[in-house]
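Structure record follows, encoded as structure tokens.
The values are calculated or read from the model by the stated rules, or taken from the named source; none is laboratory data. From a predicted model like this one, the values you see are computed outputs, not experimental measurements. Reconstructed Cβ throughout: ideal geometry from the backbone, glycine too, with neighbour counts over all protein chains shown.
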Amino acid sequence: MLKHNSNTIGLYHFLVVISLICIALFAADIPSPAFLPIDQYFSYQYDLIASGQVWRLVTGNLLHTNLWHLLMNLAGFWVIVFLHEVHYKNHSGKLLLLFLSLCLFEGIGLYLFYPTLKAYVGLSGVLHGLFVFGAVMDIRKGYKSGYLLVIGVMLKVGYEQVFGASDSVTQLINARVATESHLIGLISGLLCVLCWSMMDNRLKHHNEA
């Protein structure tokens, strides 16, 4: 019982820390003039990344356009992690590595495949990666619901690539929804499943040896 509680606390700490980072970055940019021009230094901006500011590949995922954008992404973040808690409760360190990998893959994917997207902020691409990762891990655990989750997120992302995001969401976050990031996030999540599976298999073989 104590071990289960400590694992849950580990997940809780991870969620709180990431949430506080996002909130702090958003809050620092609120005053006018801004306490610290966060967007100027940390947002994903294609041209500045090309000039060598590669940290923006990761940090752009942690910034948000307005309060609604921040709240929606953080709510989704908490729901998705606890939805698939069974895969992370004994692996909080791996979850942190997964999150950072998804952030990096998101930035690299946008940079390589969508050079016309000059600026981007938001956690939604990473959330799509976390969602599909958890859904595929559900399938590996034998949960039939995982198939429905994978099909659902693929249909959603496919629809967005053809028809775009809803106007209501665009108005709510006061910016165009970068549906490209959702596709990159989805693909990144699938790549991370492969990496996670390879790590698990290697550990199993090592323990059996």
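Quick notes on this structure:
- Any hit, the stretch 97-109, residues being under 21 Å from S19 (Cβ atoms), over 12 Å from the mean Cα position of the chain (by Cα) and either buried (at least 18 other Cβ atoms within 10 Å of the Cβ) or of a type in the set (S, T, Y) (or both): no
- Among residues of the stretch 112-134, those that are buried (at least 23 other Cβ atoms within 10 Å of the Cβ) and free of Cβ contacts under 8 Å to residues at least 40 places away in the same chain, counted: 0
- Taking every residue in the stretch 1-19 that is on the phi > 0 side of the Ramachandran plot and assigned to a helix (DSSP H, G or I) and pairing it with any residue that is exposed (fewer than 11 other Cβ atoms within 10 Å of the Cβ) and at pLDDT 95 or above, at least 6 positions away or on another chain, yields no pair with a Cβ-Cβ distance below 6 Å.
- Residues of the stretch 162-175 that are free of Cβ contacts under 8 Å to residues at least 12 places away in the same chain and surrounded by 13 or more Cβ atoms within 10 Å (Cβ to Cβ): V169, T170.
- All of L194, L183 fail the test of being in a helix (DSSP H, G or I) and surrounded by 12 or more Cβ atoms within 10 Å (Cβ to Cβ), apart from L183.
- Test: residue in the stretch 50-70 that is of a type in the set (D, E, K, R), touching a residue at least 60 places away in the same chain (Cβ under 8 Å) and part of a helix (DSSP H, G or I): no
- Cβ separations smaller than 8 Å between residues 6+ apart or across chains give the following pairs from the stretch 141-161 residues that are closer than 14 Å to I184 by Cβ to residues that are surrounded by 13 or more Cβ atoms within 10 Å (Cβ to Cβ) and polar (S, T, N, Q): V157/T179; E160/T179; Q161/T179.
- Whether a residue is of a type outside the set (F, W, Y) and modelled with pLDDT of 95 or more was assessed, and V86 does not pass this test.
- Options L155, L149: the member that is at pLDDT 95 or above and surrounded by 12 or more Cβ atoms within 10 Å (Cβ to Cβ): L149
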